[in-house]
Amino acid sequence: SSMYFDGTDDYLSVPASPDFNFGNSDATIEFSVNPQDLTTQQRIVSTQGTDYLIIIWFGRTDNKFSFRTTNAAETATGSSFSTNVWYHVAVTKVGRVFKLYVDGIEELAVTATGDAAYSDALLMIGAYHDGTEDFNGYLDEIRISSGIARYSKSIERFANTFVAKGDTGDAFTA
């Protein structure tokens, strides 16, 4: 079953860990999300301290997912998204290239000018570490993988399917 975040004070926090220090390694952050509010900027996943590593928002730019990482400009998806709909979101990192996929379709790509910096901050799910930008909606199947970019080129998401480390996870490659 999924987790519900009410948009006011619900979040998960995970202590800072070298496991989230992607540096120049490949990585994947993925989750299923069902947003319930289009009126505010909401953080889904972030770690932000002296140096920030990853921020994934919903609603920061219209009804879009937005992404930012160290050494790369904030970028929003080309498509807009709705409330009360489940989406699978995956951010992959191969070297310095980050791509965000929604339901298997590449929505944005950014190239960082340097490696992903290690953040000594909490990993926050559903809010910013100061309790703002609270997420309003449902999250499920949150997974962070270091050392593997699970999706490349194009992906076709099958519900509840996870691949073993070493497999790219491609169900379809164009």
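Quick notes
- Restricting Asp130, Asp140, Asp120, Asp115 to those that are within 22 Å of Thr40 (Cβ to Cβ) and either open to solvent by less than 20 Å² (accessible area, probe 1.4 Å) or over 13 Å from the mean Cα position of the chain (by Cα) (or both) reduces the list to Asp130.
- Conditions (1) open to solvent by less than 60 Å² (accessible area, probe 1.4 Å); (2) touching a Gly at 6+ places or on another chain (Cβ under 8 Å); (3) under 17 Å from Ala127 (Cα atoms); number of the one not met by Ser25: (3)
- Taking the conditions (1) of a type outside the set (Ser, Thr, Tyr); (2) touching a helix residue (DSSP H, G or I) at 6+ places or on another chain (Cβ under 9 Å); (3) surrounded by 21 or more Cβ atoms within 10 Å (Cβ to Cβ) in turn, Arg150 satisfies each one other than (2).
- Hits in segment 47-98 - residues which are without any contact (Cβ under 8 Å) to a residue 40 or more places away in the chain, in a strand (DSSP E or B) and open to solvent by 10 Å² or more (accessible area, probe 1.4 Å): Arg68, Ala73, Glu74, Thr75, Ala76, Val97
The values are calculated or read from the model by the stated rules, or taken from the named source; none is laboratory data. The model shown is predicted, which means the values in this text are computed figures rather than measured ones. Because the Cβ atoms are built from the backbone with ideal geometry, glycine has one as well, and the counts that use them run over all protein chains shown. These area figures cover heavy atoms from the full protein model, side chains too; ligands, DNA and RNA do not enter into them. Shrake-Rupley method; radii C 1.70, N 1.55, O 1.52, S 1.80 Å.
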